[in-house]
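Here is the structure we will look at.
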Amino acid sequence: MEETDVVDLLVAQHVMIQDLFDEVERASAGRRYESFTRLVRLLAVHETIEEQIVHPYARLVLHDGDAVVDERLTEEREAKELLRDLDRTGPDARGFETRLAALRAAVTEHARNEERVEFPRLRATTSVAQRRALAAWVKAAAALAPTHPHPGIESAVTNMVLGAPIAMMDRARDLIRQAMAEQD
């Protein structure tokens with residue numbers, strides 16, 4: 001992803017997330033697992049980087065940043081709980097389409113709120129250089145972020161302390177799942 005402005009980067013990720021929802025919804029039963037795995041990974045990484053980098057910064061620079069961020073974290077937790085449940089049962093489970101639609105609605109509403117409330121205010125209160133620096137931090141954090149949802153780990157401090165070990169466990173689990181899938 002080439003965006004150097006953190007707001008542009010996050011909005012581009014929102015578009016990619018919506019595209020992946022479309023892909024999962026259109027995928028045949030045999031291809032759905034692959035698309036869904038990519039969606040889970042992108043959502044987990046995206047939310048983690050917001051929680052580690054973007055929201056703490058917004059708390060500092062936005063007037064009433066605490067209130068703005070607390071609302072986003074509540075939305076994120078709801079979406080992460082839905083995603084965790086879908087991730088555990090997989091795309092072949094009964095009711096997957098209905099639960100995926102609920103997840104999509106929650107994620108879409110959350111992204112819309114970020115794009116209407118948090119991001120314009122970040123853009124208005126930060127310089128281009130600050131947003132570029134944040135984008136660099138976000139890209140670095142994405143490389144180390146967990147690849148599955150972990151509701152309850154929304155604070156920056158908890159993410160920093162638990163994020164790396166959880167990410168290592170997630171990535172090991174991903175490798176095991178991939179190896180098992182290749183044997184089938």
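The stretch between ARG116 and ARG94, if pulled fully straight at 0.36 nm per residue, gains 4.4 nm over its current Cα-Cα span. Once the chain from ALA124 to ALA140 is taken as fully extended at 0.36 nm per residue, the excess over their C-alpha distance is 3.3 nm.
For segment 1-101, the solvent-accessible area of protein heavy atoms averages 49 Å² per residue (probe radius 1.4 Å; ligands and nucleic acids excluded). For segment 1-111, the normalised intensity computed at q = 0.12, 0.13, 0.18 Å⁻¹ comes to -0.44, -0.51, -0.90 (log10 of I(q)/I(0), Debye sum over alpha carbons, equal scatterers, no solvent). A crude spin-label estimate for the pair ALA12 and ASP85, with each label 7 Å from Cα along the Cβ direction, gives 3.4 nm.
Modelled spin-label separation between THR74 and ASP22, with each label point placed 7 Å from Cα along the Cα-to-Cβ direction: 3.2 nm.
Between ARG132 and ALA29, full extension at 0.36 nm per residue minus the direct alpha carbon distance yields a gain of 33.0 nm.
The values are calculated or read from the model by the stated rules, or taken from the named source; none is laboratory data. Treat the numbers as computed from the prediction; the structure is a model and nothing was measured. Cβ sites come from the backbone with ideal geometry, for glycine too, and all protein chains shown count toward neighbours. Heavy atoms of the whole protein, side chains included, go into the accessibility calculation; ligands, DNA and RNA do not. Shrake-Rupley method; radii C 1.70, N 1.55, O 1.52, S 1.80 Å.
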